[in-house]
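Single-structure report; data block below.
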Amino acid sequence: MRQIVILAAMLFTSPSLMAASAVIFIDSSDVSQAALVSALNDDLYYSAHLREGLSITVYDINVGNRNDERPFSGAVNYQKDFNGAAVAKMRPGKLPYLFCMDSKEREKREITLTNKEEIKLCMEATGS
């Protein structure tokens, strides 16, 4: 019985289960938006706190990079949204656009990104 209680406590306090997620929509044909994703990759690489507390998914609507398999490398989960499925589902505003989600995929905050530091708003919004 004690093992079950300990396991349950570990599950409910596990950082991976409580981690926030950020969903960002970009158009990588815009140099500043591509630079933003590169900067976020760097931040994730150098910050264990950020890496453990936040998962980042980037949806790129730039149809001009169809031949590039993955123009960004790093910890950011990069997805191409050529068919517009993610855009239709989430309906972002002016790009680059950020959605902050909690561990249950509920939207907590959304803004147009102006700098990479605003990604930390997702951790604040969910208490990570």
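Scanning the stretch 16-55 for residues that are under 12 Å from residue 96 (Cα atoms), in contact with a Pro (Cβ under 7 Å, 6 or more places away or on another chain) and not polar (S, T, N, Q) turns up 24, 25, 26, 36. Restricting the first residue to the stretch 28-44 and requiring it to be in contact (Cβ under 8 Å) with a residue 12 or more places away in the chain and open to solvent by less than 60 Å² (accessible area, probe 1.4 Å), which pairs with a second residue that is among the small types (Gly, Ala, Ser) and assigned to a helix (DSSP H, G or I) meet a Cβ separation below 6 Å and a spacing of at least six or different chains? These pairs meet every condition: 28/34.
On the basis of being buried (at least 17 other Cβ atoms within 10 Å of the Cβ) and touching a Lys or Arg at 6+ places or on another chain (Cβ under 6 Å), does residue 86 make the cut? Spelling it out, it is not the case that residue 86 is buried (at least 17 other Cβ atoms within 10 Å of the Cβ) and touching a Lys or Arg at 6+ places or on another chain (Cβ under 6 Å).
Condition test on residue 93, is it loosely packed, with under 14 Cβ neighbours inside 10 Å, in contact (Cβ under 8 Å) with a residue 12 or more places away in the chain and not hydrophobic (A, V, I, L, M, F, W, C)? So residue 93 passes the test. Restricted to strands (runs of 3 or more DSSP E) entirely inside the stretch 38-128, those with at least 2 residues that are aliphatic (A, V, I, L, M) are 54-60, 97-101.
The values are calculated or read from the model by the stated rules, or taken from the named source; none is laboratory data. The model shown is predicted, which means the values in this text are computed figures rather than measured ones. Here Cβ is always computed from backbone atoms with ideal geometry, including for glycine, and neighbour counts include all displayed protein chains. The protein model used for the area step is the full one, side chains on, heavy atoms only, and it has no ligands, DNA or RNA in it. Shrake-Rupley method; radii C 1.70, N 1.55, O 1.52, S 1.80 Å.
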